[in-house]
Amino acid sequence: MITSLEIVSQAIENRVYREILEKTIVQVEDGNSLADQLREHREIPALMTQLIATGEKTGKLAEILERLSKFYTQELDASIA
């Protein structure tokens, strides 16, 4: 998961989100929950952190992240259409 987070953080152009991910990576490497770390940032939607927490607890984090990706892609597409 750390490698994936690092790749995403390098691809993000938004400075705020990149910094959030960089801080989150350090905390996750130290054994902290991804959801708990993201929850500390008001820029991250509560729906996202709740679903990530569910994915961590159930062992289905990859599936949850895929669904979140599709959802936010659709939201973005709708907002620019």
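Bear in mind these aren't lab numbers, they're just calculated from the coordinates by the rules spelled out. Keep in mind it's a predicted model, so treat the numbers as computed, not measured. Here the Cβ is made from the backbone with ideal geometry for all residues, glycine too, and neighbour counts use every protein chain on show.
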At most 10 other Cβ atoms within 10 Å and a DSSP loop assignment: could you name the trypsin sites (Lys or Arg not before Pro) in the chain that fit? 42
So how much slack lies between residue 11 and residue 78, counting 0.36 nm per residue of separation and subtracting their Cα-Cα distance, in nm? 21.9 nm
Ignoring everything except DSSP H segments at least 4 long, calculate the 222 nm mean residue ellipticity for the chain; use -39,500 (n - 2.57) per segment, divide by total residues, nearest 500. -25000 deg cm²/dmol
Would you compute, for the Cα atoms of the chain, the largest minus smallest coordinate along each principal axis and list the three values in descending order, in whole Å? 41, 30, 23
